There are 2 protein chains.
Amino acid sequence: MSSTAARPIRPIAVIGGTGPAGMGLALRWAHAGETIIIGSRDAQRAQAAAEAIQRKAGNQARVSGMENSAACSAADILMLTVPFEGQAALLKQLKNSMTPGSILIDATVPLAAAVGGRASRPLGVWQGSAAQQAAELVPHGVSVVAAFHNLSAELLNREEPLDCDVIVCSDDSDAAQLTRELAAKIPGVRAIDGGRLENARIVENITALLIGLNIRHKGHAGIRITGLPPAAYR
Amino acid sequence: MSSTAARPIRPIAVIGGTGPAGMGLALRWAHAGETIIIGSRDAQRAQAAAEAIQRKAGNQARVSGMENSAACSAADILMLTVPFEGQAALLKQLKNSMTPGSILIDATVPLAAAVGGRASRPLGVWQGSAAQQAAELVPHGVSVVAAFHNLSAELLNREEPLDCDVIVCSDDSDAAQLTRELAAKIPGVRAIDGGRLENARIVENITALLIGLNIRHKGHAGIRITGLPPAAYR
């Protein structure tokens, strides 16, 4: 972790970490030397997922599994990778387990699939985006960052570098920078400052578009932002 | 136009063609051998713009300028490049000048700048998108295609190839295919079938995100879609 030498080695809790997106992010970060806690409703399921990641990432990897609220208490970087239909209830349930000063990185996409519709259509969220809904539900002192919506879970779980940029939106610039550093640890990923948290509504919706492209063209679509100066990518 | 040999050489009317996006598209298509009619509220302004494009594109280029409704009547491919605040009124005014069987390609982006807000924030459109609003306003028999929202007008007006994909959305698959062929005539552009017209709401909003990135990072942002099989790009 040479690029973040000033940062203490804090674990990352991947809440909802037994799903494909959570497993993929955990795998990539375990490979990069991060300490990972997989969170799940079921502690045994979390431990089984952690062992599976450990097997793929090798002996040096530091991966454990816990029930979600224990995972939450044990970390101050919380990566949320749950379907939209479970996001609000889970955040309410975890509220008392979050430490002030923590960062919640939200990758939730409000897809119509949450209410029996198509995964290629976004739902409108009153607050503007799933990330803004999360910001309303976390305790005071917890910063919300929106990121990682547009990465293919399928490709995250493979070995090859990705071909996708991660647009990071937050109202807390330190939390956003830390998230961009975490994104850049995934081979092939470039992190881009996407501005305030309110912009998450566009980034979330892009995922619905990508899902539609995947269905139509049989692929694992991602996006790259072109035309920005090199300093924009970090 | 070897790739579209079956297509008669029909002019493309660029409505609102004296703005930077219209001028840029007209220039690129004139270079590619298309016959272009620049439309403007003011016929003289249209002619001056046409002459400017002709000078840049060279003697072989076929570019003329007309008042918008005359341009509309003289073409059956209509490229609409106007600010959102002018779109609905202009379409109502041009309704009687459109020939059934025509294609209206809409690149309108509903930015909050239209009502004095920021260009980095989209407006909500009752119909779902500016393109769906257009579809409500054109006469029966005119097909609407949404495309070209994400191309930088600045870069279109230069000589270099672009580094951006064009996502094409329409409920008329023939019109969408013709539009993808037109997009692919712009050097560096790949055209992608983005599905039904309703998906334009996401593609339009991406422009607001790109404008925000341009402001934040001082660039001319575009997007590339990665991870699709080669056949998806055409």
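If both residues of a DSSP beta bridge must be in region A:115-234, then about 40% of such bridges are antiparallel.
Across the cross-link table entries A:K56/A:K92; A:K218/B:K95; A:K218/B:K56; B:K56/B:K92; A:K185/B:K218, which are compared at the Cα atoms, the separations over 31 Å belong to A:K56/A:K92; A:K218/B:K95; A:K218/B:K56; B:K56/B:K92. Solvent-accessible area of region A:1-136 (1.4 angstrom probe, protein heavy atoms only): carbon and sulfur portion equals 52 percent. Axis-proximal residue of chain A for the rotation onto chain B, reported as residue and distance in whole Å: A:R224, 2, based on Cβ position.
For region B:160-234, carbon and sulfur atoms together expose 51% of the accessible surface, with a 1.4 angstrom probe and every protein chain in place.
Above 21 Å, the calculated P(r) of region A:37-129 contains 42 percent of its Cα-Cα pairs. Membrane-span-like helices in chain B (whole DSSP H runs, Cα extent of at least 20 Å along the helix axis, mean Kyte-Doolittle hydropathy of at least 0.0): B:200-217.
Measuring between their Cα centroids, region A:157-211 and region A:92-138 lie 16 Å from each other. Solvent exposure of the protein assembly as shown amounts to 41 Å² per residue of accessible area, where only protein heavy atoms count and the probe is 1.4 Å.
Size descriptors for the protein assembly as shown: radius of gyration and Dmax over Cα atoms are 24.0, 75 Å.
Measuring r between the beta carbons of A:R10 and A:E154 and using R0 = 35 Å, the FRET efficiency lands at 0.80. For B:A114, the shell of other residues with beta-carbons less than 13 Å away shows a net charge of 0, using +1 for Lys and Arg and -1 for Asp and Glu.
Return the value, in Å² to the nearest 100, of accessible area buried between chains A and B (probe 1.4 Å, both sides summed).
Protein heavy atoms only, the A-B interface buries about 2700 Å².
Here the protein assembly as shown carries DSSP beta bridges of which approximately 20% are antiparallel, counting only pairs with both residues inside. Here the spin labels are modelled as points 7 Å beyond Cα on the Cα-Cβ line, and at A:A119 and A:T99 they lie 3.5 nm apart. Legend: translational diffusion of region B:94-171 by Stokes-Einstein, Rh = Kirkwood radius over C-alpha pairs, 37 °C, 0.692 mPa s; D = 231 µm²/s. Here region B:13-52 yields Rg over Rh of 0.92, to two decimals, using C-alpha coordinates and the Kirkwood radius.
A Cα-only calculation for region B:185-234 places Rg and Dmax at 12.8, 35 Å.
Rounded to the nearest 5, what is the percent of antiparallel bridges among the DSSP beta bridges in region B:22-123?
Here the antiparallel bridges make up roughly 10 percent for region B:22-123.
The distance between label points at A:R41 and B:R62 comes to 6.5 nm (points 7 Å beyond Cα on the Cα→Cβ vector).
To one decimal place, what orientation-averaged projected area in nm² is obtained for the convex hull of the Cα set of region B:146-207?
With every direction weighted equally, the projected area is 3.7 nm².
Computed on protein heavy atoms with a 1.4 Å probe, the accessible areas place B:R55, A:R180 in the order B:R55, A:R180, largest first.
For region B:147-234, which GluC sites (Glu not before Pro) are both in a DSSP coil and crowded by at most 11 other Cβ atoms within 10 Å? For GluC sites (Glu not before Pro) across region B:147-234 that sit outside H, G, I, E and B with at most 11 neighbouring Cβ atoms in 10 Å, the list reads B:E159. Solvent-accessible surface of protein heavy atoms, probed at 1.4 angstrom with all chains present, puts A:K218, A:K95, B:K185, B:K92 in the order A:K218, B:K92, A:K95, B:K185, largest first.
What does the charge add up to near B:A184, with Lys and Arg as +1, Asp and Glu as -1, over the other residues with Cβ less than 10 Å from its Cβ? Combined, the nearby Lys, Arg, Asp and Glu give +3.
Compactness of region B:84-234, taken as the C-alpha radius of gyration over 2.2 N^0.38 Å, stands at 1.03.
Each other residue within a Cβ distance under 15 Å of A:A71 adds +1 if Lys or Arg and -1 if Asp or Glu, for a net charge of +1.
At a threshold of 40 Å², the residues of region A:201-218 that become less accessible to a 1.4 Å probe in the full protein assembly than in their chain on its own are A:I202, A:L209, A:L213, A:R216, A:H217.
The values are calculated or read from the model by the stated rules, or taken from the named source; none is laboratory data. Only a predicted model underlies this, so the values are computations on that prediction, with no experimental measurement involved. Note: ideal-geometry Cβ built from the backbone for every residue, glycine included; neighbour counts use all protein chains shown. Protein only, heavy atoms only, side chains kept; ligands, DNA and RNA dropped before computing areas. Shrake-Rupley method; radii C 1.70, N 1.55, O 1.52, S 1.80 Å.
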